[in-house]
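Some notes on the structure that comes next.
The values are calculated or read from the model by the stated rules, or taken from the named source; none is laboratory data. All values derive from a computational prediction rather than experimental measurement. Positions of Cβ are backbone-derived with ideal geometry, glycine not excepted, and every protein chain shown enters the neighbour counts. For accessibility, only protein heavy atoms count, side chains too; no ligands or nucleic acids. Shrake-Rupley method; radii C 1.70, N 1.55, O 1.52, S 1.80 Å.
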Amino acid sequence: MFMPQLDRASREGLQKQIIRQIIAAIAAGSLRPDEPLPGIREASVRWGVSRNTVVLVFEYLETEGYLQTRPSRGTFVHPSPPCSTSSVVMLGNERGMEAASLGGQVWPDQAFIGDPARYSGTQDGAFNLGFGSDMPLYRFPAWQKTIERLLLRDNWRRGGEFQPNAGLPFLRSALARWLNLRHGVAIDPQQILVITGLQQAHSIIAHALLQKGDSVILEDPCYPGKRQLYEKLGMHIVDGAIDRKGLKLAELAPEQARLLCVNPGCHIPTNVTLSLPRRKQIASLAVQDRCLVFEESMYDLLSLEKKPLPSLLSLTEGRNLLHAGLFAPCLGGGLMLGYLVVPWALLPAVLEAKLLTGNGLPWLEQEALARMIDTGELDNALRRTRVVMMRRREAFMAALERFLGRLEFCGTEHAPRLSWFMPGHHGSVADFIAKAENAGIRFPGNYAATGIRSTAGLPELQSLISHGYGEVPEESTDTLFARLRAAT
């Protein structure tokens, strides 16, 4: 039976001490997956703390994926907690012990095209500053219960049928209602296509609506895979410079382009948010049919702002605007489901192109996601994740400034991304990242280290470092920076 060793004279609160020790016990294997913990009343008596302290400890650890509450049965160690002796800890991206059979090397997934970096595993594991959250939806009890119902009791027979190429009708209807609540726009479910990532959305749009030689405006810099797609298909890329208010339209001639692609909520990699006047200007271009606009929404689901700016979808009411969103960064990389909202006039061509890219999508994840949306559990999961991300952001930013001194951050409103500028007296970005990666601290898809050029809008862009913090629990932050300090 787990018994925390509490130091009541310590500056660290009792709640944090218990949390830290439970996590350590799970990591060491003294608390095993599915092992029960005492009930709230019993734990309160045994540990000598208030019932409220126990409740807060259990709630925090369940949100983080370490514990699992089972109705009428009690609280248990999660069957697959984020850390255990059976895995090499990647702070949310587990790698099995088979890594040891590869000479001790861990080969993490490439985050971006052209990222060939390899990382060596250490006893402590590698730190992954990835762009996602280590709180995937499939860790939440509501998701597990939904899957259980689908497979054991409800509509599991549907899983053997071919699904519509545009996506499961139930999911498309749920998304239409959900988007209406989020953006205030009435969308017909038939206008929604279920997609497996924003890259697929770009591919569908390019094949359906563009021809070789057409001009496409892309934010500069942008995700390399997107640029590569349009270049491979023979489109003419027009670079749109970025400043601290987002895409600089004054230097462009959007009427002469066939497509303008923009990520207003959270530009990648700077994290800059497009200002409201520029949003209105782009919306006007779309509504007046002067340019077709594609709005990406990738990190907007975890906006940490109290009142986010209206989306282009909201400002245009969907007229001459393509809008796509992705759940993976917020709900776990394994959930590669997203959506593409298409204007009626463009729908036939887009549906035809969608058919050419693949014939349908797996049923189970679509059905489960639709039910989560309909019951409100999706929004509950996002709220819980948002609270955790805010704590992690503050802890990481504070530790970063203790290490490097006062920093200039570039957009901190969207979890779980963080971008900042390397102070000149600390050397080059490339050297800093190389030393960090040699110490087992991974910066996936870092744009600056690969030699992005500076722009008139952000001349200091070459000193930009962009990474995530969502896969770094607060209790691991000090360890990460101790290793970083030793490496640099």
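Looking only at residues in segment 255-268 that are open to solvent by 10 Å² or more (accessible area, probe 1.4 Å) and in contact with a helix residue (DSSP H, G or I) (Cβ under 8 Å, 6 or more places away or on another chain), which one is farthest from Gly325 (Cα to Cα)?
Glu255
Any residue at all in segment 238-251 that is within 25 Å of Leu347 (Cβ to Cβ) and either out of contact with any Phe, Trp or Tyr (no Cβ under 6 Å at 6 or more places or on another chain) or surrounded by fewer than 21 Cβ atoms within 10 Å (Cβ to Cβ) (or both)? Show your work before the answer.
Within segment 238-251, the first condition is being within 25 Å of Leu347 (Cβ to Cβ), and the residues that meet it are none.
Within segment 238-251 (the criterion being within 25 Å of Leu347 (Cβ to Cβ) and either out of contact with any Phe, Trp or Tyr (no Cβ under 6 Å at 6 or more places or on another chain) or surrounded by fewer than 21 Cβ atoms within 10 Å (Cβ to Cβ) (or both)), the answer is no, since none of the residues qualifies.
May I ask you to list the residues in segment 460-477 that are under 23 Å from the mean Cα position of the chain (by Cα) and part of a helix (DSSP H, G or I)? I'd like the intermediate steps shown before the answer.
Residues of segment 460-477 that are under 23 Å from the mean Cα position of the chain (by Cα), as a first pass: 461, 464-477.
Matches in segment 460-477: Leu461, Glu474, Glu475, Ser476, Thr477.
Of the conditions (1) open to solvent by 20 Å² or more (accessible area, probe 1.4 Å); (2) under 26 Å from Leu340 (Cα atoms); (3) of a type in the set (D, E, K, R); (4) at pLDDT 75 or above, Glu161 fails just one. Which one is it?
(4)
Within segment 381-417, can you find the residues that are at positive phi and out of contact with any strand residue (DSSP E or B) (no Cβ under 7 Å at 6 or more places or on another chain)? Step through it out loud before you land on a result.
To start, the set of residues in segment 381-417 that are at positive phi comprises 405, 411.
Listed by number, the list holds a single entry, Gly405.
Considering only segment 50-61, state which residues are touching a residue at least 40 places away in the same chain (Cβ under 8 Å) and open to solvent by less than 50 Å² (accessible area, probe 1.4 Å). Break it down into steps so the answer makes sense when it comes.
First pass over segment 50-61, keeping only residues touching a residue at least 40 places away in the same chain (Cβ under 8 Å): 56-57, 60-61.
Passing the criteria: Val57, Tyr60, Leu61.
Go through segment 431-478 and count every residue that is open to solvent by 50 Å² or more (accessible area, probe 1.4 Å), more than 30 Å from Lys16 (Cβ to Cβ) and at pLDDT 75 or above.
Kept after step one, since they are open to solvent by 50 Å² or more (accessible area, probe 1.4 Å), are these residues of segment 431-478: 431, 435, 438, 450-451, 453-454, 456, 459-460, 462, 474-475, 478.
Pick out the ones that are also more than 30 Å from Lys16 (Cβ to Cβ) and you get 431, 435, 438, 450-451, 453-454, 456, 459-460, 462.
When the remaining residues are screened for being at pLDDT 75 or above, the result is 431, 435, 438, 462.
So the answer is 4.
Filter segment 192-216 for residues that are open to solvent by 20 Å² or more (accessible area, probe 1.4 Å) and under 25 Å from the mean Cα position of the chain (by Cα) and give the result.
Thr196, Gln199, Gln200, Ser203
Could you tell me which of the residues Ile195, Ile205, Ile237 is farther than 23 Å from Thr316 by Cα and among the β-branched types (Val, Ile, Thr)?
Numbers: Ile195 fails: farther than 23 Å from Thr316 by Cα; Ile205 fails: farther than 23 Å from Thr316 by Cα.
Result of the check over Ile195, Ile205, Ile237: Ile237.
Residues that are without any contact (Cβ under 8 Å) to a residue 12 or more places away in the chain: list the helices (runs of 4 or more DSSP H) wholly contained in segment 219-321 that include at least 1 such residues. First the steps, then the outcome.
Details: elements: 224-232, 276-287, 312-316.
Once the helices (runs of 4 or more DSSP H) in segment 219-321 are filtered for at least 1 residues that are without any contact (Cβ under 8 Å) to a residue 12 or more places away in the chain, what remains is 224-232, 276-287.
If I ask for residues that are farther than 30 Å from Pro82 by Cα and in contact with a strand residue (DSSP E or B) (Cβ under 6 Å, 6 or more places away or on another chain), which ones from segment 299-319 would you list?
Leu312, Leu313
Scan segment 202-257 residue by residue and report those that are aromatic (Phe, Trp, Tyr) and at pLDDT below 90.
Step one: of segment 202-257, the residues aromatic (Phe, Trp, Tyr) are 223, 230.
Listed by number, the list holds a single entry, Tyr223.
Looking at (1) modelled with pLDDT of 85 or more; (2) crowded, with 21+ Cβ neighbours inside 10 Å, which is the only condition Phe403 fails?
Status for Phe403: all satisfied but (2).
Out of Glu352, Glu367, report the one residue that is part of a helix (DSSP H, G or I), surrounded by fewer than 18 Cβ atoms within 10 Å (Cβ to Cβ) and in contact (Cβ under 8 Å) with a residue 40 or more places away in the chain. Step through it out loud before you land on a result.
Details: Glu367 fails: surrounded by fewer than 18 Cβ atoms within 10 Å (Cβ to Cβ).
Just one listed residue meets the conditions, Glu352.
Considering Pro277, Pro189, which residue is modelled with pLDDT of 95 or more, of a type outside the set (Val, Ile, Thr) and either in contact with a His (Cβ under 9 Å, 6 or more places away or on another chain) or within 18 Å of Leu309 (Cα to Cα) (or both)? Please lay out each step first, then the result.
Details: Pro189 fails: either in contact with a His (Cβ under 9 Å, 6 or more places away or on another chain) or within 18 Å of Leu309 (Cα to Cα) (or both).
Of Pro277, Pro189, the one residue that is modelled with pLDDT of 95 or more, of a type outside the set (Val, Ile, Thr) and either in contact with a His (Cβ under 9 Å, 6 or more places away or on another chain) or within 18 Å of Leu309 (Cα to Cα) (or both) is Pro277.
Do we have any residue at all in segment 38-48 that's closer than 26 Å to Trp143 by Cα, of a type outside the set (A, V, I, L, M, F, W, C), surrounded by fewer than 19 Cβ atoms within 10 Å (Cβ to Cβ) and at pLDDT 90 or above?
Within segment 38-48, one or more residues are closer than 26 Å to Trp143 by Cα, of a type outside the set (A, V, I, L, M, F, W, C), surrounded by fewer than 19 Cβ atoms within 10 Å (Cβ to Cβ) and at pLDDT 90 or above.
Out of (1) small (Gly, Ala, Ser); (2) in a helix (DSSP H, G or I); (3) under 27 Å from Gln199 (Cβ atoms), the odd one out for Gly360 is which?
(2)
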